[in-house]
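Written out below as structure tokens is the structure these notes cover.
The values are calculated or read from the model by the stated rules, or taken from the named source; none is laboratory data. Source: prediction; values computed, not measured. Positions of Cβ are generated from backbone atoms using ideal geometry, with glycine treated the same way; all protein chains shown enter the neighbour counts. Protein only, heavy atoms only, side chains kept; ligands, DNA and RNA dropped before computing areas. Shrake-Rupley method; radii C 1.70, N 1.55, O 1.52, S 1.80 Å.
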Amino acid sequence: MGTRPLLNRRLAGMGSTIFAEMSALAAATGSINLGQGFPDRDGPREIAEAAAQAVLDGRGNQYPPGPGIPELRAAITEHQQRFYGLAYDPDTEVLVTAGATEAIAAALLALLEPGDEVIALEPFYDSYAACIAMAGATRVPLTLRAPAFRPDLDELRALITPRTRLLLINTPHNPTGTVLTPDELRTIAELACEHDLLVITDEVYEHLVFAGAHRPLAALPGMRERTVAISSAGKTFSFTGWKVGWVTGSPELVAAVRTAKQYLTFVSAGPFQYAVADALRLPDSYFDTLRADLLRKRDLLAAGLAAAGFEVFRPEGTYFITTDITPLGETDGLEFCRKLPERCGVVAIPNVVFYDNTEAGRSLVRWAFCKADSVLEEAVSRLRRL
Ligand SMILES: Cc1ncc(COP(=O)(O)O)c(C=O)c1O
């Protein structure tokens, strides 16, 4: 095979994800895993039953239609109308994907040319860097800095060059918990229009906002025709293993993303699509209870982390808390997380892995609070040993 590296150079250095490393460490040490962002309780029983029933009834067991089953596409458009007043045509403006992850990959592969620049909020969700690289494009970070983690919009303006093709915006933002304000969204939209940029919005935490409400960028003037909005069922309905996601946007944008998507997975998870259609139509009380439960868990874990000596940045959305380990006399989050299971039987994620500007993330550590109260209480009690 000669001396040429096996792995394509665009993926060089992107070995296994930090989640694999930390989840393996959790299993090996019997630690409480507050690393990876998955709930320890499944979503609503009736939605699980709907999936099981679809399998038994033979709905979706064979290749579903490429854009997604019509029932789910209709439910997605109803959801966008119900929560945001956004109208989409289920036939031409909606695409069902294998989770938000595939939607992100297909959108970036479809819309980018080698040499294009993508400005993304840093810290980045880890698949962004890999997919931008696979598209042959270059990522340009707009760094969210502690303690406020707000985007510096003058810096954003300065980062835009003639090569900038796309803004990749994640709100509510993982891992900082930042929810962009109406003013921030307005400025981002104005810059996108002024420089004729495409925008991808990753809104997978849209229903996990604790103060105010989630506002889709696509709702702002001039944005509908340039925005690929992405979400998924994983976080909202606590079925992260089902991998049902979706894209909404103009017919032209959706057609482009569909072109890439059809050669990635072609289609996905037929029976789950029926169940997610039901889930999207759950009453408001479902969404309110989800949020209230997670708010209580956020406050429980935030208080425990503060009592253990961390500087806690209380998130406005998502189910993650970012902390700074400096008050504990620590400086290196990666080293801290690698030793934490042995020291006190808890696993967390070092934020530094989500940064290009590693200095901005070196002492930050992320904790997931989508876990049973008893698990969070036990984690907090173990962390007191620090
Ligand atoms: C910001 C963000 N985008 C996308 C995803 C992936 O979503 P899915 O599981 O639907 O592929 C995640 C999952 O953690 C995420 O945090």
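Scanning segment 113-124 for residues that are out of contact with any strand residue (DSSP E or B) (no Cβ under 6 Å at 6 or more places or on another chain) and either open to solvent by less than 10 Å² (accessible area, probe 1.4 Å) or within 15 Å of the ligand (Cβ to nearest atom) (or both) gives Pro123, Phe124. Of the residues making up segment 329-357, those that are among the β-branched types (Val, Ile, Thr) and either within 12 Å of Ile32 (Cβ to Cβ) or open to solvent by less than 60 Å² (accessible area, probe 1.4 Å) (or both) are Val346, Val347, Ile349, Val352.
All conditions in (1) in contact (Cβ under 8 Å) with a residue 24 or more places away in the chain; (2) away from the ligand (no atom under 16 Å from the Cβ); (3) open to solvent by 10 Å² or more (accessible area, probe 1.4 Å); (4) not charged (D, E, K, R) hold for Gly304, with the sole exception of (3). Cβ-Cβ contacts under 7 Å between residues 6 or more apart (or on different chains), taken from a first residue in segment 174-202 that is of a type in the set (A, V, I, L, M, F, W, C) and open to solvent by 10 Å² or more (accessible area, probe 1.4 Å) to a second residue that is part of a loop (DSSP other than H, G, I, E, B) and away from the ligand (no atom under 16 Å from the Cβ), are listed as Val179/Gly212; Cys193/Gly222. Please identify the pairs in which a residue from segment 232-248 that is of a type in the set (D, E, K, R) and more than 9 Å from the ligand (Cβ to nearest atom) has its Cβ atom under 9 Å from the Cβ atom of a residue that is open to solvent by less than 10 Å² (accessible area, probe 1.4 Å) and in a loop (DSSP other than H, G, I, E, B), counting only partners at least 6 apart or on another chain. Going by the 9 Å Cβ cut-off, there are no qualifying pairs.
Is at least one residue of segment 261-278 buried (at least 20 other Cβ atoms within 10 Å of the Cβ), in contact with a Ser or Thr (Cβ under 8 Å, 6 or more places away or on another chain), under 24 Å from Ala368 (Cβ atoms) and in contact (Cβ under 8 Å) with a residue 60 or more places away in the chain? Within segment 261-278, not a single residue is buried (at least 20 other Cβ atoms within 10 Å of the Cβ), in contact with a Ser or Thr (Cβ under 8 Å, 6 or more places away or on another chain), under 24 Å from Ala368 (Cβ atoms) and in contact (Cβ under 8 Å) with a residue 60 or more places away in the chain. Listed here are the helices (runs of 4 or more DSSP H) enclosed by segment 43-120 that have at least 3 residues being touching a helix residue (DSSP H, G or I) at 6+ places or on another chain (Cβ under 9 Å) and among the acidic types (Asp, Glu): 45-57. Residue pairs whose Cβ atoms lie under 7 Å apart, sitting 6 or more positions apart in sequence or on different chains, and linking a residue in segment 96-110 that is polar (S, T, N, Q) to a partner that is more than 10 Å from the ligand (Cβ to nearest atom) and assigned to a helix (DSSP H, G or I), are Thr97/Ala106; Thr97/Lys261.
When Glu225, Glu311 are screened for being surrounded by fewer than 24 Cβ atoms within 10 Å (Cβ to Cβ), over 18 Å from His173 (Cβ atoms), touching a strand residue (DSSP E or B) at 6+ places or on another chain (Cβ under 7 Å) and not basic (Lys, Arg), only Glu311 passes. You will find that of Ile188, Ile160, Ile132, the residue that is within 16 Å of the ligand (Cβ to nearest atom), among the hydrophobic types (A, V, I, L, M, F, W, C) and over 21 Å from Arg314 (Cβ atoms) is Ile132 and no other.
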